[in-house]
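Chemist: Input: one structure, supplied below.
Values in this text are rule-based calculations from the coordinates and carry no lab data. It should be emphasised that the depicted structure is a prediction, and the values quoted were computed from it without experimental measurement. Neighbour counts run over all protein chains shown; Cβ positions are idealised from the backbone, glycine included.
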């Protein structure tokens, strides 16, 4: 892979984005929406914790609109202007063009994320004393979520020459991984748990608790690798679509794409089985003692335990940190037990059935 080619493609798209006032408008809107999602909900003041829990909940939906706005012009605009043929005549391979385009999109997203990080950190410093490790881990998670969504959005851009269609396709292709977290509202608990485990939100949870896990990183990078390969196939189809064996070549690349996706799935499952995790929070709020880990991993299948935690969404200031620590510990218990300890968290509101059961 020739780095000077990557550099040329990267600079062309990166500079082009910031030479247009629209790019700055999108970044300002992204920063504004991120700050509103983090600090506008009353839960931020009720919890009395200087963290980004509220933003963690809404960011995937913000990115669902912001990411396609970045990727829609990656290739669709080249085809619309007729400059795609010019790019394809330079001495560069398809993968170099695709990776260069992807890196430019990542660069644009990273700039937007840095502005958001600085603004939100200033606000948290004014109102409280944020955990630096937890804060930075949150933003590292946002970055990985963006990497995956950018790769998916690029596939949409390679499918059409219309910017509007590219934006809509990017949103549509990313939507399943975003809304999969709500699967329990339309299907049974077992199937919903399986689908939810492959959602962007579920795989971000560790980052939201100050933990960097190999399984979560592998999940996001797996999506990137598969989608970049699909983009490479789409940009390279000009070599074989008009040939006599075009249909056979198309089927060949479909099989190769499926094989790569299955391999990526296998790697993620392996990482989940042999996970490596680092708690970067200052207070190590998600770390368990070796004895606790040994006890949980030693549970037998016939010793399955079900834990139902009735938790109020709003607690007194003195118990806010205790509530967060309790929920983190329960999630850790469930993960380390290998499914032999199941946790259900029920939020109790006054004068509801859940409150009566509690």
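Chemist: Grab the DSSP H runs of the chain that are 4 residues or longer, score each as -39,500 (n - 2.57), total them, divide by all residues and round the 222 nm result to the nearest 500 deg cm²/dmol.
Modeler: After summing the helix terms and dividing by residue count, I get -22500 deg cm²/dmol.
Chemist: Of 62, 205, 126, which is the most mobile in a GNM of the chain whose springs link Cα atoms less than 10 angstrom apart?
Modeler: 126
Chemist: What whole-number value in cubic angstrom gives the convex hull volume per residue for the C-alpha atoms of the stretch 34-85?
Modeler: 76
Chemist: If one takes the longest principal axis of the Cα atoms in the chain, at what angle in degrees, from 0 to 90 and to the nearest 10, does the Cα axis of helix 320-336 lie?
Modeler: 70
Chemist: Continuing with this model, one more query. Can you figure out the FRET efficiency of residue 326 with residue 8, using R₀ = 56 Å and their beta-carbon distance, to the nearest 0.05?
Modeler: Efficiency at R0 = 56 Å is approximately 0.60.
Chemist: Another question about this same structure. Once you've got the GNM for the chain with C-alpha springs shorter than 10 Å, pick whichever of 44, 220, 204 has the biggest mean-square fluctuation.
Modeler: Highest fluctuation among the options: 44.
Chemist: Taking the 0 to 90 degree range and rounding to the nearest ten, how far is the long axis of helix 246-273 tilted relative to the main principal axis of the chain, both from C-alpha atoms?
Modeler: The angle comes out at about 20 degrees.
Chemist: Right, next: Rank 199, 93, 215 by mean-square fluctuation in a GNM of the chain with C-alpha springs under 10 angstrom and give only the top-ranked residue.
Modeler: 93
Chemist: At what distance in nm do the modelled label points of residue 191 and residue 252 sit from each other, each positioned 7 Å from its Cα along Cα→Cβ?
Modeler: 3.8
Chemist: Can you work out the FRET efficiency for the pair residue 140 and residue 1, with r the C-beta to C-beta distance and R0 = 35 Å, to the nearest 0.05?
Modeler: Calculated transfer efficiency: 0.85.
Chemist: In nm, give the distance between the simple-model label positions of residue 292 and residue 32, each being 7 Å from the Cα along the Cα-to-Cβ direction.
Modeler: 4.3
Chemist: If one takes the longest principal axis of the Cα atoms in the chain, at what angle in degrees, from 0 to 90 and to the nearest 10, does the Cα axis of helix 214-236 lie?
Modeler: 20
Chemist: At a temperature of 10 °C and a viscosity of 1.306 mPa s, determine how fast the chain diffuses translationally according to Stokes-Einstein, using the Kirkwood radius over alpha-carbon pairs as Rh; express D in µm²/s, rounded to the nearest whole number.
Modeler: D, rounded to a whole number, is 71 µm²/s.
Chemist: OK, next. To make sure I understand, if each residue's beta carbon is the centre and we count other beta carbons within 10 Å, what order do 269, 280, 163 fall in, fewest to most?
Modeler: Exposure proxy ranking, most exposed first: 269, 163, 280.
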